[in-house]
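The next block holds one structure in the form of structure tokens; read it before the comments.
The values are calculated or read from the model by the stated rules, or taken from the named source; none is laboratory data. Here the structure is a predicted model, which means the values were calculated and not measured. Positions of Cβ are backbone-derived with ideal geometry, glycine not excepted, and every protein chain shown enters the neighbour counts. Keep in mind that these areas ignore ligands, DNA and RNA; they rest on the heavy atoms of the full protein, side chains included. Shrake-Rupley method; radii C 1.70, N 1.55, O 1.52, S 1.80 Å.
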Amino acid sequence: LWVFFLAIFTVQTRTLKSFDVFEAILWVMAAGYLVEDASRWVKMRGLGAIEFWTVIDICTDGLLLVSFCFRVASFTAHASKRSDAYELRAFQFLACVAPLIWVQLLKVFDGFVYFGTLTVIILRMFKESAIFFTLLALVMVGFGHAFLALDAADESRVDNVLVKIVDLLTQSVLGGADFDLTSEDAFGYPYGHILYYAYCFVTAVILLNILIAFFGTAYSDVVDSADEVYAAFFCQKVISMVRAPDQFV
């Protein structure tokens, strides 16, 4: 069913078009998955039951719901410029769901040992990276605060400074450091420039190597006992699917 849903989604996102039977099937199936996920969230009760796939489901259903709301708004606005804008916005939100839908193919095939073990490795890596993201958040907030203070200290203020600082710090983590923004005209040169060098060093040399070490540890732990790990993963999945009353419990 999920593969069929993915095929319908692919057909629907090929081009922006008027309402047709494929879109109707898409929204009916999306509503079914939304109701199924909502009922499961109600039964889980508690933050302890939230896992990686729960977050993916929430993001997927949320984007689909926003896209559907814009699509309905385009119908209610009738033939006008606002209707075309709503229709375009609905298509854009629908396109953003694509990575999440393709990722969930791992859940479809995790009954096979290879994909099941791969899923366990990915989930273990995300758990291990929690420490990295905590450290990264603290470092980004600290350096961002410093840049805001340097911008407020001189007369040369940067437009949309908060947005630019967040963009600057995020690009540096992803390997796209931009030293032009900390040039002579902004952030109290040379203090901002030196501070940005320090931030790039901390993130690229220290924090990213910590993340690589965490990923290597998670991978080796799973691979060394792949059969046992997969058996425990499959058992947990089967138990989570039990719905009372069930004669096969």
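When nucleic acids and ligands are ignored and a 1.4 Å probe is applied, Phe75 ends up with an accessible area of around 100 Å². In the chain, the portion of solvent-accessible area held by carbon and sulfur atoms comes to 69 percent [1.4 Å probe, whole percent, DNA, RNA and ligands not counted]. In the chain, excluding the sites themselves, the longest stretch lacking any of the GluC sites (Glu not before Pro) that are in a DSSP loop with at most 10 other Cβ atoms within 10 Å is 1-154. Rounded to the nearest 20 debye, the dipole size of the chain about its Cα centre is 920 debye, using +1 on the Cβ of Lys and Arg and -1 on the Cβ of Asp and Glu. With a/c under 1.5 counting as rounded, go ahead and sort the chain into rounded, prolate or oblate using the C-alpha gyration tensor (a ≥ b ≥ c being the square roots of the eigenvalues; past the cut-off, prolate if a/b is larger than b/c, else oblate). Oblate is the answer for the chain, as a/c is 1.5 or above yet b/c matches or exceeds a/b.
The long axis of helix 113-128 is offset from the longest Cα principal axis of the chain by roughly 40 degrees. Solvent-accessible surface of the chain, taken per residue with a 1.4 Å probe and all protein chains present: 62 Å². Need one word for region 1-139: rounded, prolate or oblate. Basis is the Cα gyration tensor (sqrt eigenvalues a ≥ b ≥ c); a/c below 1.5 gives rounded, then a/b vs b/c decides. Judged from the Cα gyration tensor, region 1-139 comes out prolate (a/c at least 1.5, a/b above b/c). Sparse packing (at most 16 other Cβ atoms within 10 Å of the Cβ) combined with a DSSP loop state is found for the following chymotrypsin sites (Phe, Trp or Tyr not before Pro) in region 102-165: Phe112.
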